[in-house]
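Below is one structure, written out as structure tokens; comments come after it.
Read the figures in this text as sums done on the coordinates, not as results from a lab. Please read all numbers here as calculations on a predicted model, not as lab measurements. With ideal geometry, Cβ positions are generated from the backbone for all residues, glycine too; neighbour counts draw on all protein chains shown.
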Amino acid sequence: MDEAKVVACHRDPEPWRVLYRIFFRITRGERYLMEIESDPDVVEFRRMEKAVRRDIHKMHAFVRFRKTVGDGGDEYVAWFRPDHRIVHINAAFFVRRFGSMKWAILTPDESVYWDLRQLRFGPGVPRSEAPSEDELEGLWCTYYAATFNPARLNTAAMIKELPVRHWATLPEAALISGLVAESGTRVEHMEQVQSAAPFVPKTRSLAVLREAARHCEGCDLYRHATQTVFGEGPKDARLVLVGEQPGDREDIEGRPFVGPAGDVLNAALEAAGIHREDVYLTNAVKHFKFTERGKRRIHATPRGPEIAACRPWFEEELKVIRPRLVVCLGATAAQSVMGRAVRVQAERGQFLPHHLAKEAMVTVHPSFLLRMPDRALAAEERARFTADLRKAAERVAL
Ligand code: URA
């Protein structure tokens with residue numbers, strides 16, 4: 001029923017036909033209809049649900065209140081143009097978030113008002129009747145410019161997430177082209193200042209390095225991660241394996257490759273006849289980078305400046321170990337180890353000269369194998385991965 005309420009907000013006349021058909025079929029015996037994702041009615045239902053949910057999310061993100069002074073003191077008014085009829089379904093969110101202020105959200109179809117005690121709904125209001133400026137606008141723009149992160153600039157994603165048709169009601173929209181234009185120069189500056197180097201002690205001891213890395217603040221990733229996950233393995237390892245960054249499990253346990261990707265790696269090592277204790281395992285980036293989705297922490301790929309910032313730790317590990325061969329698991333590891341962008345499939349399996357080990361070799365990341373839905377293909381890729389590891393072991397006579 002909750003999903004149906006969302007679908008009912010869709011602007012097309014179609015939701016009522018689809019909802020009617022679905023209710024009819026469920027009440028006439030197809031109790032599990034909604035579990036058949038390929039059913040045309042269910043497909044249509046999901047399409048509309050997705051569109052409305054996206055619109056709901058956009059309204060949460062893009063409503064901008066402007067301060068007005070009414071008879072009863074300050075009031076905040078926003079004008080917004082949603083794609084669907086979501087004012088009712090969304091009102092409770094704004095009460096929860098802005099319950100302590102009097103506000104109104106005006107849209108072309110209908111409007112909603114909160115007077116600190118109850119919600120009222122009224123007719124639509126044209127944009128021309130909404131206030132256009134207030135003193136908070138300047139503050140908001142300053143805040144937006146200060147928190148705009150040029151290192152994370154992705155213009156395509158930005159246009160997708162911040163659709164141009166909402167720009168007219170977003171005061172910060174006027175700043176965007178300027179911020180985008182100067183982002184290149186700002187990133188260069190950030191890359192200069194973000195580095196683990198000041199935290200790396202002069203030592204030939206892995207234990208001392210590990211202890212120092214616990215306190216690294218060389219880039220911002222330490223802020224949200226539980227702990228630094230340093231490399232582990234023998235100081236005289238002939239073979240070093242480098243991953244991308246710790247995952248959720250590694251972040252909690254403080255050890256590399258102990259989660260699902262670690263299981264794939266362990267199995268491949270065993271199949272290749274390599275004892276995990278004989279190799280040194282580490283990551284290009286030593287803190288877990290993630291985004292939160294509900295209670296889940298979802299892996300986020302580290303960016304160039306974070307990989308570069310963490311590189312001093314990896315270089316020190318190599319200077320202490322001086323391995324015969326470094327195997328890079330995936331593109332991030334390869335980028336860090338080789339100091340350049342690497343196309344994994346193009347350079348896979350080759351022995352490349354390296355200044356801190358005798359050689360380096362690139363192969364895929366075990367997570368790549370985890371994500372393969374086709375079982376036959378996955379089995380083939382696991383075998384190729386194992387073969388790469390075996391080749392590495394033979395090269396160093398493990
Ligand atoms: N993936 C990695 O690259 N490293 C880990 O330690 C775990 C998962």
Quiz item: For Tyr222, Tyr113, what ranking results if the residue with the fewest other Cβ atoms within 10 Å of its Cβ goes first?
Solution: Tyr113, Tyr222
Quiz item: Evaluated at 20 °C with a viscosity of 1.002 mPa s, what Stokes-Einstein diffusion coefficient in µm²/s does the stretch 274-398 have when Rh comes from the Kirkwood expression over alpha-carbon pairs?
Solution: 137
Self-check item: For Cys219, Cys141, order by how many other beta-carbon atoms lie within 10 Å, fewest first
Solution: Cys141, Cys219
Quiz prompt | Max mean-square fluctuation residue, GNM over the chain, Cα-Cα springs under 10 Å, options Glu317, Glu35, Glu380 | solution = Glu35
Practice problem: Using the structure shown, select from Lys289/Lys358; Lys235/Lys286; Lys286/Lys319; Lys202/Lys286 the pairs with a Cα to Cα distance greater than 23 angstrom. | Solution: Lys289/Lys358
Practice problem: For the chain, list log₁₀ I(q)/I(0) at each q in 0.06 Å⁻¹, using the Debye formula over Cα point scatterers of equal strength and ignoring solvent, two decimals each. | Solution: -0.38
Quiz prompt | For the stretch 50-120 and the stretch 208-230, distance of Cα centres in Å | solution = 42
Exercise. Highest first, please rank the peptides 328-337, 283-292 by the mean number of other Cβ atoms sitting within 10 Å of their residues.
Key: 328-337, 283-292
Self-check item: Local electrostatic count, Arg85, Cβ distance below 15 Å [Lys/Arg +1, Asp/Glu -1]
Solution: -1
Exercise. Output the peptides 168-180, 77-89 sorted from most to least packed, where packing is the average of other Cβ atoms within 10 Å over each peptide's residues.
Key: 77-89, 168-180
Quiz item: GNM, the chain, Cα, under 10 Å: largest mean-square fluctuation among Ala268, Ala378, Ala196?
Solution: Ala378
